[in-house]
Amino acid sequence: MKILKTLALFLLITTFSCKESGKEKPSYLPESIGAFNSLTIVIENSLWNGQVGDKLREHFAAPALGLTPEQAKFTITQIPPSVFSGTVKNTRSVVFVQKDTISRGHMKKDLYAIPQQIAVFKGRNNKELIENIDKNAEDFIVKFKALELKESQNRFLKSLNKTKVFEEEFGVSLNIPSVYKLGRKEKNFVWFDRPILNGTMNIIAYSVPMNTFKSDSTFVGDIIKMRDSIGKLYIPGTEVPGKVTYMITERAFAPYVFPTEIGSKKAAEVKGIWEIKNYPMAGPFLTYIINDKENNRKLVLEGFAFAPSAEKRDYMFELEAILKTVRF
């Protein structure tokens, strides 16, 4: 009896101490699974094959910007709720759609695994489900992408290139995986690349004066001129007798430009297609033009891929994840 009283007192003290400290030991959750840029949509087959499924595909399988050939934002796998069990619940990015007595759309985090995001759409009928998808899908896509980027960046840390060239040349750090090697270094220009199947992935960096872009009305045209001038100086194409070849911006399609923030500084994000002047080569590029007022310059970080006839979404995703690790 005395032992039982002592044990009860110990448990009471332990419980009180945990509450006082405001800390409770979290329950164990397994590590999430899934390929990057993949999405599991849990929905009844009848809904998936109708208007609700069409609306989901409209948002989550929309074409990613600046890619040739065209490719969806996410690789989607649809399963009915009865299959969503066991290790399938550990999928990193999930969309759950269900008819219910309530109507809402919300996001749940780390429910079955870590890290994990589950977007939930509920409605009393198809109309409410579609309304909730329209209302919340784009915000959820941003959160899914942020999770994917963070997970990718965490994996970079396992094997990083130890180079100090970015610190030495530009005063910034960049987490570059060890598979990328320094290909060229000039005054105010650095180029890293890595081999992939039948091609390469590339990262370049340089700076331009703070006043390089004079007007919003000519901003896109000025970006093209800047990229073309750097290509002419540093990025030659295949040798062709009697012709000059170098990287330029694809003329048929104007690049997409968005305001953003990177390295805690305001920046412009540019997505488009590069090509080689006087030679049939092309591919996607992603450029960040960062306002570095402290150093009276704009720092330009760019990733571009060359992978003929291959889907390039995941290549560009990796390059984006790397560029977004920049720290001043």
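Could you state the angle between the C-alpha long axis of helix 126-156 and the longest principal axis of the C-alpha atoms of the chain, as a value from 0 to 90 degrees rounded to the nearest 10?
Compared with the principal axis, the helix lies near 70 degrees.
Name the shape class, rounded, prolate or oblate, that the alpha-carbon gyration tensor gives for region 85-227, where a ≥ b ≥ c are the square roots of its eigenvalues, rounded holds for a/c under 1.5, and otherwise prolate holds if a/b is larger than b/c and oblate otherwise.
On the way: a/c = 3.35, a/b = 1.76, b/c = 1.90.
It comes out oblate by the Cα gyration axes.
Could you run the Karplus curve 6.51 cos²θ - 1.76 cosθ + 1.60 with θ = phi - 60° over region 64-75 and give me ³J(HN,Hα) per residue in whole Hz, x for Gly and Pro?
6, 6, x, 10, 9, x, 4, 8, 5, 4, 10, 7
Which value, in Å², gives the accessible area per residue of the chain when a 1.4 Å probe is used on the protein heavy atoms? Could you put the intermediate results ahead of the total?
Working: 17870 Å² over 328 residues.
That works out to 54 Å² for each residue.
Straight-line reach from K143: which lysines have a Cα under 23 Å away, not including same-chain ones fewer than 8 places off?
Excluding near neighbours in sequence, the set is K55, K73, K89, K108, K109, K122, K135, K265, K266, K271, K312, K324.
Kindly express, to the nearest 10 degrees and within the range 0 to 90, the angle between helix 2-21's C-alpha long axis and the longest C-alpha principal axis of the chain.
Its long axis makes an angle of about 40 degrees.
So what is the relative contact order for the chain, in percent, with contacts set as C-alpha pairs under 8 Å and at least six apart?
On the way: 589 pairs, mean separation 48.8, N = 328.
Here the relative contact order equals 15 percent.
Considering region 238-328, what Rg and Dmax in Å follow from its alpha-carbon atoms?
15.0, 46
Short version: ³J(HN,Hα) in whole Hz for each residue of region 282-290, in order, from phi by Karplus 6.51 cos²θ - 1.76 cosθ + 1.60 (θ = phi - 60°), x for Gly and Pro, what are they?
Using θ = phi - 60°, the values come out as 7, x, x, 9, 9, 10, 10, 9, 9 Hz.
Using only the Cα atoms of the chain, construct the convex hull and provide its projected area averaged over every direction, in square nanometres to one decimal. Don't skip to the end; give the middle numbers.
Numbers: hull surface 99.0 nm².
Convex hull of Cα atoms, orientation-averaged projection: 24.8 nm².
Along the charge dipole of the chain, which of A137, T163, G53 sits closest to the positive end, that is, farthest toward it, with unit charges on the beta carbon of Lys, Arg, Asp and Glu (+1, +1, -1, -1)?
So the residue furthest toward the plus end is T163.
Name the long-range amide H neighbours of Y279: under 5 Å, sequence gap of 5 or more, or other chain; modelled H, no Pro or chain starts.
none
Choose one of P30, S103, A205: the residue whose Cα lies farthest towards the positive end of the charge dipole of the chain (beta-carbon charges +1 Lys, Arg; -1 Asp, Glu; about the Cα centre).
Result: P30, furthest along the dipole toward the positive end.
Between D134 and I76, what's the calculated FRET efficiency when r is the beta-carbon distance and R0 is 22 Å? Round to 0.05. Walk me through the intermediate numbers first.
Details: r = 18 Å, r/R0 = 0.81.
The calculated FRET efficiency here is 0.80.
Helix 219-234 against the longest principal axis of the chain: what's the angle in degrees, Cα atoms only, rounded to the nearest 10?
70
For region 105-146, state which trypsin sites (Lys or Arg not before Pro) are in a DSSP loop and have at most 12 other beta carbons lying within 10 Å of their beta carbon. Please list the in-between numbers first.
Working: sites: K108, K109, K122, R124, K127, K135, K143, K145; in loops: R124.
When the trypsin sites (Lys or Arg not before Pro) of region 105-146 are filtered for loop state and at most 12 Cβ neighbours within 10 Å, R124 remain.
Place a point 7 Å from the Cα of N291 along the Cα-to-Cβ direction; which residues of region 132-171 have their backbone N under 18 Å from it?
It comes to no residues whatsoever.
Pull out the extension gain between R327 and N126, defined as 0.36 nm times the separation in residues minus the alpha carbon to alpha carbon distance; nm, one decimal.
Numbers: separation 201, 0.36 × 201 = 72.36 nm, distance 4.61 nm.
Using 0.36 nm per residue and subtracting the Cα-Cα distance, I get 67.7 nm.
Please give the length that would be gained between N211 and T238 if that part of the chain were fully extended, namely 0.36 nm times their separation in residues minus their C-alpha to C-alpha distance (nm, one decimal). Intermediate results must be reported in sequence, preceding the final value.
On the way: separation 27, 0.36 × 27 = 9.72 nm, distance 3.34 nm.
Between N211 and T238, full extension yields 6.4 nm more.
Which residues make up the longest stretch of the chain clear of GluC sites (Glu not before Pro) that lie in a DSSP loop with no more than 11 other Cβ atoms within 10 Å, not counting the sites?
Values: sites that count: E24, E70, E239.
Here the longest segment lacking exposed loop sites spans 71-238.
Would you mind calculating the gained length between V83 and T218 on full extension (0.36 nm times residue separation, minus the Cα-Cα distance), in nm to one decimal?
43.3 nm
The values are calculated or read from the model by the stated rules, or taken from the named source; none is laboratory data. The structure presented is a predicted model; accordingly, all values stated were derived computationally and were not measured. Glycine also receives a Cβ, built like all others from the backbone with ideal geometry; neighbour counts cover every protein chain displayed. Only protein heavy atoms, including side chains, enter the accessible area calculation; ligands, DNA and RNA are left aside. Shrake-Rupley method; radii C 1.70, N 1.55, O 1.52, S 1.80 Å.
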